[in-house]
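Beneath this line is the structure, given in structure tokens, with notes to follow.
Coordinate-derived values only; no laboratory data. Note that the structure is predicted; figures quoted are calculated from it, not measured. Using ideal geometry, Cβ is built from the backbone for each residue, glycine included, and neighbour counts are taken over all protein chains shown.
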Amino acid sequence: MNIIKFDLHCPYCGKTFDLELEENATQDDLIEECPLCGHGIDIQLMLSPEGKIIDAEIHRIDGDTDE
Ligand SMILES: [Zn+2]
């Protein structure tokens, strides 16, 4: 199983961190903690028809869309 890595930009502290995921996702929405500030981040994955992750988008859990 392949591991793919994304550079994500934390919407809370503004720092970039690496997120490593298995290429074949079983869900398209997950919560990860920022390793730098500890805030929970809602991560939405875009999956190919084969179930492989092709992109990841982050959202603030509190629903504030101002980025
Ligand atoms: Zn952070």
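For the chain, trypsin sites (Lys or Arg not before Pro) meeting the loop criterion (DSSP other than H, G, I, E, B) and having at most 13 other Cβ atoms within 10 Å: LYS15. Subtracting the Cα-Cα distance of HIS9 and GLU33 from their residue separation scaled by 0.36 nm leaves 7.4 nm.
Each residue of segment 26-39 is assigned a 3J(HN,Hα), and the resulting list reads 9, 8, 10, 9, 8, 10, 10, 8, 5, x, 9, 10, x, 5 Hz, derived from the Karplus form 6.51 cos²θ - 1.76 cosθ + 1.60 (θ = phi - 60°), x at Gly and Pro.
Charged neighbours of ASP7, selected by a Cβ distance under 14 Å, balance to -3 (K, R count +1; D, E count -1). Mean separation of Cα pairs under 8 Å and 6 or more residues apart, divided by the residue count, gives the chain a relative contact order of 27 percent.
Scattering from the chain was approximated by placing one identical point on each alpha carbon and applying the Debye formula without solvent; log10 I(q)/I(0) at 0.25, 0.26 1/Å stands at -1.12, -1.18. In this simple spin-label approximation, GLU23 and ASN2 carry label points 7 Å from Cα along the Cα→Cβ vector, and these lie 0.3 nm apart.
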